[in-house]
Amino acid sequence: MRKILTIIGARPQFIKASVVSRAFSETNNINEIILHTGQHFDANMSEIFFDQLRIPRPNYLLDIHGGTHGQMTGRMLSAIEEVLLTERPDCVVVYGDTNSTLAGALAAAKLHIPVAHIEAGLRSFNMQMPEEINRILTDRVSNILFCPTVSATENLKKEGYPFIAANGLTQHIELVGDVMQDAAILFANKAVRPDDFAVETDFILTTLHRAENTDSPARLKNIIDALNRAHHEIAPVVLPLHPRTRKLIEQQGIELKVHTIDPVGYLEMLWLLNHSSLVLTDSGGVQKEAFFFGKACVTMRDQTEWVELIEVGANTLVGAESQRILHAVADNLNRVVIDEQKLYGGGKAAQRIANIIQNF
Ligand code: UD1
Ligand code: UDP
């Protein structure tokens, strides 16, 4: 029996872990222990995903959130280390590029415990993003680099990977596909309409939370201005509002005149994706989910890690300039996109990951 310790803490990680956790439980020789750092803690940012996606309850819930990046990451590092010393797992699994990811990977590497990084190799080449720092450092200390795309494997090779990991073993680069596609396929037929959702058709599904947009008053104002105008002039804008963005909009007294709702569960999100006419976002995961549901995506960022979506013309990068956002929204409304090349592995990533980990 192999003891695997999974470290999660933020919304997208619960969704990713749901499919991998299932794949682990289908093997006969993996015993998974789940640690939730507490980074996301509102019921609709955390608990709802455990309920809807039937993720086993965390064995450890650390309740660490808020503060500066250093405070959050430092507190996690120290608390995770304690758990690792008690559990002594054969391998630690981390997802993506949040502070929980980096704290988990670093705590394990310093104890010479093998680290498996799911979503390795992604790069925006913008070192000002907290996510870019987290993913580069996590890749460097990991043993198994599970890449979702060909371009992620190429990024690693260009940077000189594989290196020797902290436990003295050579790193493995594994192209497995994207676990978010597994989740979208697995749960698509369980999608549910959000309660009291009044908008009927032709809406623009929008999400907005990235620090590069929300923490810059000028970018945030430009984006909200574009959303207000798109809602008035093009089609209803439906915005499940991330708590970070809600706080900053309130603090700055910006007027938001779109159809705002609280963050929704994953099954409601799948319904919204499926019924939207366009996706407008700065999220990493939502860019791909638009594609999985055949919708064009307009991305309010200056770079994306999911470069293949730009190459096939499914996604348009517009930054945070109002006029560019509005033009792209008008041009892409109701445009259908098709995944001709199975860019994200076709829904078998979790199974591949479980097979590799059980034989590692
Ligand atoms: C984090 C990740 C980001 C990821 C996002 C997914 C980092 C550095 N950033 O950003 O890469 O895209 O999660 O959603 O790890 N808050 C609440 N309730 C919650 C969760 C957050 O009120 O349930 C508040 C926090 O108190 C904080 C703000 O939202 O004030 C930001 O939360 P934080 O976890 O620091 O970063 P995210 O913006 O969520
Ligand atoms: N999501 C959700 N409810 C929402 C908004 C997003 O379930 O109200 C899901 C979305 O479908 C995707 C994931 O959360 O699977 C993306 O997370 P987020 O945008 O917070 O983070 P990112 O992917 O940018 O790191």
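The values are calculated or read from the model by the stated rules, or taken from the named source; none is laboratory data. As the structure is a prediction and not an experimental result, all values here were calculated from the model. When we count neighbours, we look across all protein chains shown, and the Cβ atoms used for this are built from the backbone with ideal geometry, even at glycine. Accessible surface is based on the protein model in full, side chains and every heavy atom, while ligands, DNA and RNA are left aside. Shrake-Rupley method; radii C 1.70, N 1.55, O 1.52, S 1.80 Å.
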Single residue of the stretch 238-267 satisfying the filter (near ligand 2 (Cβ under 10 Å from one of its atoms) and assigned to a loop (DSSP other than H, G, I, E, B)) that is most open to solvent (accessible area, probe 1.4 Å): Asp262
Unmet requirement for His117, which otherwise passes all of (1) over 17 Å from the mean Cα position of the chain (by Cα); (2) away from ligand 1 (no atom under 11 Å from the Cβ): (1)
First in the stretch 163-189 and more than 21 Å from Asn355 (Cβ to Cβ), second anywhere and of a type in the set (Val, Ile, Thr), Cβ under 7 Å, 6 or more apart: Ile164/Thr170; Ala166/Val141
Selection count where residues are under 24 Å from Tyr95 (Cα atoms) and part of a loop (DSSP other than H, G, I, E, B), scope the stretch 335-360: 9
Long-range neighbours under 6 Å by Cβ, at least six apart or interchain, first residue open to solvent by 100 Å² or more (accessible area, probe 1.4 Å) within the stretch 320-333, second in a loop (DSSP other than H, G, I, E, B): Arg324/Val318
Tally of residues being within 17 Å of Ile4 (Cα to Cα) and open to solvent by less than 30 Å² (accessible area, probe 1.4 Å) across the stretch 103-121: 12
Any hit, the stretch 296-315, residues being open to solvent by 20 Å² or more (accessible area, probe 1.4 Å) and within 28 Å of Phe197 (Cα to Cα): no
Single match in Pro12, Pro58 (criterion: within 11 Å of ligand 1 (Cβ to nearest atom), in contact (Cβ under 8 Å) with a residue 24 or more places away in the chain and within 25 Å of Pro130 (Cβ to Cβ)): Pro12
Checklist (1) touching a residue at least 60 places away in the same chain (Cβ under 8 Å); (2) open to solvent by 10 Å² or more (accessible area, probe 1.4 Å); (3) hydrophobic (A, V, I, L, M, F, W, C); (4) within 27 Å of Ile30 (Cα to Cα) applied to Val94, failing item: (2)
Residue count for the stretch 182-206, restricted to those that are modelled with pLDDT of 95 or more and either part of a helix (DSSP H, G or I) or surrounded by fewer than 24 Cβ atoms within 10 Å (Cβ to Cβ) (or both): 15
Residue count, the stretch 136-170 (criterion: farther than 21 Å from Leu343 by Cα and assigned to a helix (DSSP H, G or I)): 6
Cβ-Cβ under 7 Å pairs, at least 6 apart or on other chains, the stretch 204-217 side of a type outside the set (A, V, I, L, M), far side near ligand 2 (Cβ under 10 Å from one of its atoms) and part of a helix (DSSP H, G or I): Thr207/Val286; His209/Arg244; Thr214/Arg244
Meets criteria (closer than 28 Å to Glu119 by Cβ and small (Gly, Ala, Ser)) for Ala218: no
Ser276 being open to solvent by less than 30 Å² (accessible area, probe 1.4 Å), within 16 Å of ligand 2 (Cβ to nearest atom) and in contact (Cβ under 8 Å) with a residue 40 or more places away in the chain: yes
Failed item, numbered, when Ser124 is tested on (1) among the hydroxyl-bearing types (Ser, Thr, Tyr); (2) open to solvent by 10 Å² or more (accessible area, probe 1.4 Å); (3) outside any helix (DSSP H, G or I): (2)
Scan of the stretch 15-40 for residues that are in contact (Cβ under 8 Å) with a residue 60 or more places away in the chain and either within 15 Å of ligand 2 (Cβ to nearest atom) or in contact with a strand residue (DSSP E or B) (Cβ under 8 Å, 6 or more places away or on another chain) (or both), ordered by number: Ile15, Lys16, Ala17, Ser18, Val19, Val20, Phe24, Asn29, Ile30, Leu35, Thr37, Gln39
